Each structure stands twice: as structure tokens, then as C-alpha cells.
Amino acid sequence: MITKNIKFTNFVKFNTKNKNISKKKIILKNFTKDYPLLLSLTKKYKYSYSKKIIQKLKTYPNINIIGMGGSILGAKAIYSFLNHKILKKVSFTDNLLLKRQKKILNNNLNIIISKSGETLETICNSNLIIKKNKRNRNIFITEKKDNYLNLLAKKLKCEVFEHKNYIGGRYSVLSEVGMLPAELMGL
């Protein structure tokens, strides 16, 4: 969140006609216009999922998070930092060594994350995991455009949450990519 503790001392001073509007608000407004990524740090940012959906999904005892790079690293960092508080079994699949997960249990929630929806490793891993147990619930986080994961989600009749196209890589931890898994872990 952008808070009052941020100091904008290196910016050019300017006069405002309306004394009720602070310089900080004007600067933030201009920044978020030029850099929409900063919107994810404001209170105005709306996630593409609702609290109602989170309550339904929290009943799953096992969570599989499938992705590559920045799509999974944020959730992985949150888990490794706070795993002593997490009561669920969480597994991360971020490479092609799926044979480590020999036994994929029933009653899993699979979160499949790819911004482009075309990441080859994510597609391979998600297809293998979905094929091993068709009774698991699958959720996709990807951009809202025609890509492989959106087509797969439609075919499987799964929920798709939008991965905003202006938030990518390691910065996506504060968007749906990091916050949805964190909320489902009980954090």
C-alpha cells in the first residue's frame, strides 16, 4: 500500500491552485496514470476474485500451484517465509520434474498461473496434473485473451481469474498471482 510515510522530496516543487489537494496526491495520480503497475499498491486496486469464492476454496486441504518464474515465485516466497503458520499442504510445480510428485492426492485445488497463457512448462505440468486426477478443482490465472490456458479452462469449465497485463514477473506478487494463494493458505 502507498502510505503517508512515503516522502517525495526529490520532485520538482510546483504550485497548486487548490490548497486542499496535496502535492503527494497529485504526484501519485500522475504516477498511476503513467505506470499502471503502481495501482496494485493502492487501496483502489480490485482483485478479480471475491471473498465469497475464497471461502469456498478454503475448504481444500491440499493446494498445487503450477507456474514458472515470477508467476510462482511470489507465492513460493510467501510460503517459505510463513510456512510455520500454514496448516494446508502446499506444493509448487515450477519445472518439468513432475516425477517428484508421484502421488497426487484427491481433493486438491490446482492453481495454474501463466500471464501469457502460453508458457510451455506450465501447460505441460497442468495437463499432467489434471490428467492424473480429474476430480480436483482447477483455477486458472491468466490474461483475458485467447490463449491456451483460457481455452483449456473453458473446455474444463473452470474459473479463470484475470492476470492484469500491466503486472508481470516478480511484481505480480501483490496481484492475484500472489494474494490468491496467500489467502487460500490462510494468511
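Side notes on the structure shown:
- Any chance residue 129 is of a type in the set (Val, Ile, Thr) and part of a strand (DSSP E or B): no
- From the list 177, 173, the one residue that fits, being among the hydrophobic types (A, V, I, L, M, F, W, C), under 14 Å from residue 67 (Cβ atoms), part of a helix (DSSP H, G or I) and open to solvent by less than 10 Å² (accessible area, probe 1.4 Å), is 177.
- Unmet requirement for residue 167, which otherwise passes all of (1) surrounded by fewer than 20 Cβ atoms within 10 Å (Cβ to Cβ); (2) more than 17 Å from residue 53 (Cα to Cα): (1)
Conditions (1) among the β-branched types (Val, Ile, Thr); (2) at positive phi; (3) surrounded by fewer than 19 Cβ atoms within 10 Å (Cβ to Cβ), marked per residue:
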| position | (1), (2), (3) |
| --- | --- |
| 54 | yes, no, yes |
| 60 | no, no, yes |
| 76 | no, no, yes |
| 81 | no, no, yes |
| 95 | no, no, yes |
| 125 | no, no, no |
| 133 | no, no, yes |
| 145 | no, no, yes |
| 155 | no, no, yes |
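- Among the strands (runs of 3 or more DSSP E) confined to the range 4-120, there are none with at least 1 residues that are at pLDDT below 75 and more than 20 Å from residue 161 (Cα to Cα).
- In the range 68-85, the residues that are under 18 Å from residue 96 (Cβ atoms) form Cβ pairs under 9 Å with partners that are surrounded by fewer than 13 Cβ atoms within 10 Å (Cβ to Cβ) and of a type in the set (A, V, I, L, M, F, W, C), at six or more places apart or across chains, as follows: 68/120.
- Taking every residue in the range 145-163 that is more than 19 Å from residue 50 (Cα to Cα) and at pLDDT 85 or above and pairing it with any residue that is in a loop (DSSP other than H, G, I, E, B) and charged (D, E, K, R), at least 6 positions away or on another chain, the pairs with Cβ-Cβ distances below 7 Å are 147/118; 148/118.
The values are calculated or read from the model by the stated rules, or taken from the named source; none is laboratory data. Quick caveat, the model's predicted, so the values are computed rather than measured. A quick note on method: Cβ atoms are made from the backbone with ideal geometry, for glycine too, and the neighbour counts reach across all protein chains shown. Side chains are part of the model used for accessible areas, which takes the heavy atoms of the whole protein and leaves out ligands, DNA and RNA. Shrake-Rupley method; radii C 1.70, N 1.55, O 1.52, S 1.80 Å.
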